[in-house]
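Below is one structure; the comments refer to it alone.
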C-alpha cells in the first residue's frame with residue numbers, strides 16, 4: 001500500500017513541477033533605487049539608496065558612485081541599513097549637473113555575490 | 001576553487017546526514033534490538049561522520065571566505081578574513097553555533113557505554129538534528145526576506161531532517177542486516193520488526209522530502225523554462241529522477257523482501273538469507289544514489305537558482321495555453337489526469353507482475369498523450385533558444401527613449417517610422433516587413449523578438465543585428481517597440497474597465513514634494529490614473545482630480561498629471577497650483593506613445609496594479625471622466641489581481 005501512495009505522491013509532485021508557479025528571489029538583486037535607475041533628477045541627491053531583493057552582509061557589500069570622467073563622487077563607504085538589511089546607502093558629495101554611474105557589489109546572507117551598475121542624471125538648472 | 005567548495009559541501013552534507021542518521025536509526029528503529037557489536041560499529045560510524053563533518057565544515061568556511069572576499073585561499077587565512085566572516089556574517093555565526101553542537105556531540109560519543117541510556121539517544125539525536133538542520137541557513141532559503149523566507153527556511157530544514165532520517169540511516173541498516181546475516185540465527189521476528197520500523201521511518205521521510213522539495217522548486221526554479229532551460233533546473237530534474245529511483249528500490253524492499261524475512265517452515269532459512277543479502281545490497285545501492293543526490297545538492301547550492309539565469313529553451317516549439325479555448329484546456333486537463341492515472345496503473349501492475357494489464361495501461365497512456373497533443377495543436381507556437389529570456393533592460397522610460405533613437409537609425413527603413421511596416425525599403429522587399437503595431441506583437445515573448453532582432457528571420461527578409469547592436473541596445477529597441485504597440489492597443493479601449501487590458505505603460509520616475517517617485521512603486525498602493533495633457537490643465541480640472549484622489553471612494557486612486565507640452569509634471573495632490581517640476585524628455589517621449597492627435601488636450605488612462613491600461617478617456621473622444629466614474633472604475637480596477645512580479649525589472 002505504501003508504494004501506491006508513494007507513486008501517487010510522485011505523480012502529484014511531477015504535475016506540480018510542470019505547472020508554472022511564481023518565484024521568490026534567491027540571490028540579492030537590485031529591486032529599485034533612489035534616484036531611480038536611468039532617471040533624471042532636478043536637484044542633486046545627497047545619497048543614493050538601493051533596495052535589494054535579499055538581506056545583505058554589511059561586511060562584504062560595497063557600492064561606489066563615479067562621474068563621467070571616472071572620479072569618485074561618493075563621500076563615504078556604502079552602509080547597509082541596520083533596521084532594514086535589504087537597504088544599501090551611499091552618501092554623495094555635492095553633485096554638479098551630469099550623468100553618474102553607481103556600481104554595486106552585494107553579498108547576500110546566503111553567501112552569494114552579485115554585482116551590477118546603473119546610471120542616473122542630475123539635470124542642469 | 002569552486003570545485004573545492006563543491007567537494008567540501010558534498011562531504012559536509014553527506015557526513016552531517018550520516019551522523020543524524022545513526023542517531024535516528026538508534027532512536028526510531030533499533031533501540032531494544034541493538035547488539036553490543038552493532039552498537040560499537042554504529043559508534044565508529046558516528047565518530048567517522050563527525051570528524052568528516054568538522055573537517056569539511058572548516059574547508060567550506062575557508063572556501064566561502066575566499067569567495068566572499070575575492071581573495072586567494074592562502075590570503076583568506078593569513079589576512080584573518082576567516083575571522084571576519086565568523087564574526088560579522090550570518091554564515092559565520094551559524095558556523096560557530098554548529099561548532100558548539102559538534103563539540104557537544106563529540107562529548108556524547110566519548111561517554112562510555114555504561115552511561116548511555118535513553119536520554120543519551122534522544123540528546124544525541126537532538127544535537128545531530130540541530131547540526132544538520134542549521135545547514136538551511138547556509139543555503140538559498142536563509143536569505144529570502146519576510147514571511148516567505150521563514151517558510152522557505154522551515155521547508156529546507158524539514159527537507160534536510162527527512163534526508164537525514166531516511167538516507168542517513170541506510171548505512172546503519174546495512175550494518176544491522178550484515179550483522180544479522182553473519183549471525184547464524186538472526187531471529188525472524190526481530191528482523192521483521194526492525195525492517196518494518198525502518199520502512200515506516202523511510203516512508204514518512206519520503207513524504208516530507210516530497211513536500212519540502214516541492215516548496216523549494218517553487219521558490220527557486222519557478223517555471224517550466226527555468227526547470228528545463230537552466231543548469232540549475234536540469235540538475236534539479238536529475239535529482240528528482242535519482243530520488244524516484246531510490247523510492248522505487250525502497251518500495252521493492254518493502255513489498256518483496258519483507259515477507260521473505262519470515263519464511264514458513266517449508267521455505268526454510270536459505271530463502272531468508274537470500275532476502276537478507278538482497279536487502280543489504282539494496283540499502284547500499286540506495287545509499288550510493290543518496291550520495292549522488294548530495295553531490296547534486298552541493299552543486300545546486302552554488303549555482304544561481306533557475307529564476308535568475310536566462311533559460312536557454314531547448315525545443316523548437318512551446319505551448320501557448322492562453323491561445324486555447326477554455327473547453328480545450330479542460331479537455332487537456334482531463335487527458336493529463338487520465339495519463340497520470342494510466343501511468344500509476346502501469347507502474348502498479350508492473351510491480352505486481354501482471355504484465356497484460358500493464359501493457360493495456362501503457363497503451364492507454366499513449367492514446368491519452370496523442371489526444372492531448374491533438375487538442376493542444378493550436379497552442380503550439382514556434383520558439384527559439386532565447387524565447388524565455390527576461391529583458392536585460394527594464395521596461396522603463398530611459399530604455400524606451402534610447403530604443404526609439406536606435407529604431408530610427410536601424411529599423412525604420414523597413415518597418416517605417418510609425419512601425420506599420422511601410423518604410424522606404426519596404427517597397428522593394430519581396431516580403432512585406434512586419435507591422436510592429438499589430439496586437440499580434442504580444443503573441444510573441446520579448447525573448448522571441450530578441451532572437452529575431454539578433455539573428456534575423458529565417459525567411460531571409462530581415463537581417464540580424466547581433467554584430468552591430470549590443471544586447472542592451474537590442475533590449476532597448478524591443479522595449480520601445482512594445483511600448484509603442486501598447487500605446488496603439490490602448491487606443492481601442494473605452495471608458496469601461498476592460499477585461500482584456502492593453503499592455504503596460506513603461507515605468508518612469510517623477511518628482512513629488514517628498515522626493516522622487518516611480519510609477520511602479522506608486523502602483524503597489526493600488527490603481528493609478530495617468531492624466532496626459534498637451535496644455536496646462538485648468539485649475540478646476542486639477543481641483544476635481546485632487547478631490548478624486550482625496551475622495552472617500554471605496555478604493556484609493558492615485559493620480560499623476562503630466563503636462564507634456566511644458567515638459568512638466570505635477571501630482572494632483574499639490575493642486576490647485578502645483579509647482580511645475582522638470583522631468584526628463586525621455587519620460588515625455590515615452591508617454592506621448594499613449595496619445596494620438598485626435599485625443600484633444602487631455603488623455604486619461606486607468607492603470608491596474610500591474611500597470612496595464614484598463615480604460616481610456618480623451619477630451620476629443622467622448623470627454624474626460626467625472627469623479628463618480630473614476631471612483632467606480634478605480635474600485636473595479638483594484639479588484640483585478642496584479643500578475644506576479646517577474647524579475648524583468650531587475651538589473652543583473
Item to complete: Can you work out the PRE-style zone for residue B:317? Point 7 Å along Cα to Cβ, and I want the residues of segment B:367-398 with backbone N under 19 Å.
Response: B:367-388
Worksheet, complete the sentence: segment B:325-378 -> Rg/Rh from Cα coords, Kirkwood Rh, value 1.10
Worksheet item: Okay, helix-only estimate at 222 nm for chain B: each DSSP H run of n ≥ 4 adds -39500 (n - 2.57), divide by all residues, round to 500 deg cm²/dmol; what do you get?
Response: -19000 deg cm²/dmol
Worksheet item: When DSSP assigns beta bridges and you keep just the ones with both residues in chain B, what percent turn out antiparallel, to the nearest 5?
Response: 75 percent
Response to the item:
With 0.36 nm assigned to each residue of separation and the Cα-Cα distance removed, residue B:197 to residue B:234 gains 9.9 nm
Worksheet entry | For A:55-62, mean number of other protein chain Cβ atoms within 10 Å | 5
Item to complete: Estimate the FRET efficiency between residue B:74 and residue B:417 by the formula 1/(1 + (r/R0)^6), using the beta-carbon distance for r and 56 Å for R0, to the nearest 0.05.
Response: 0.35
Discussion item. Please compute, for peptide B:514-526, the average count of beta-carbon atoms on other protein chains lying within 10 Å of each residue's beta-carbon.
Written reply: 3
Discussion item. What's the ranking of B:526-537, B:196-207 by average number of surrounding C-beta atoms within 10 Å, highest first?
Written reply: B:526-537, B:196-207
Discussion item. Compute the distance from the alpha-carbon center of segment B:89-132 to that of segment B:1-22, in whole Å.
Written reply: 17 Å
Worksheet entry | Modelled FRET efficiency - R0 30 Å, residue B:188 with residue B:244, Cβ distances, 0.05 increments | 0.45
Worksheet, complete the sentence: FRET efficiency (residue A:68, residue B:468; Cβ distance; R0 41 Å; to 0.05) is 0.95
Fill in: 10 Å Cβ neighbours from other chains, averaged over peptide A:39-47
5
Worksheet item: What is the gain in length, in nm to one decimal, between residue B:274 and residue B:377 on full extension, counting 0.36 nm per residue of separation less the C-alpha to C-alpha distance?
Response: 31.8 nm
Worksheet item: When you count, for each residue, the other Cβ atoms within 10 Å and take the mean per peptide, how do B:324-330, A:45-51 rank with the highest first?
Response: A:45-51, B:324-330
Practice prompt. Give the peptides B:474-481, A:115-122, A:101-108 in descending order of average Cβ contacts within 10 Å, highest first.
Written response: B:474-481, A:101-108, A:115-122
Response to the item:
One point scatterer per Cα, no solvent, Debye formula: log10 I(q)/I(0) for segment B:2-308 at q = 0.07, 0.08, 0.11 Å⁻¹ comes out as -0.30, -0.38, -0.70
Discussion item. Whole angstrom only: what separates the Cα centroid of segment B:508-546 from the Cα centroid of segment B:402-429?
Written reply: 33 Å
Discussion item. Assuming 0.36 nm per residue, please report the length gained on full extension of the stretch residue B:302 to residue B:115 beyond their Cα-Cα distance.
Written reply: 63.1 nm
Practice prompt. Convert 4 °C to kelvin, take the viscosity as 1.567 mPa s, use the Kirkwood radius over C-alpha pairs of the protein assembly as shown as Rh, and evaluate the Stokes-Einstein diffusion coefficient in µm²/s, rounded to a whole number.
Written response: 43 µm²/s
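We did not get these values from a lab; they are worked out from the coordinates using the rules stated. In this text, all values refer to a predicted model and were calculated from it rather than measured experimentally. For neighbour counting, all protein chains shown are included, and Cβ atoms are generated from backbone atoms with ideal geometry for every residue, glycine included.
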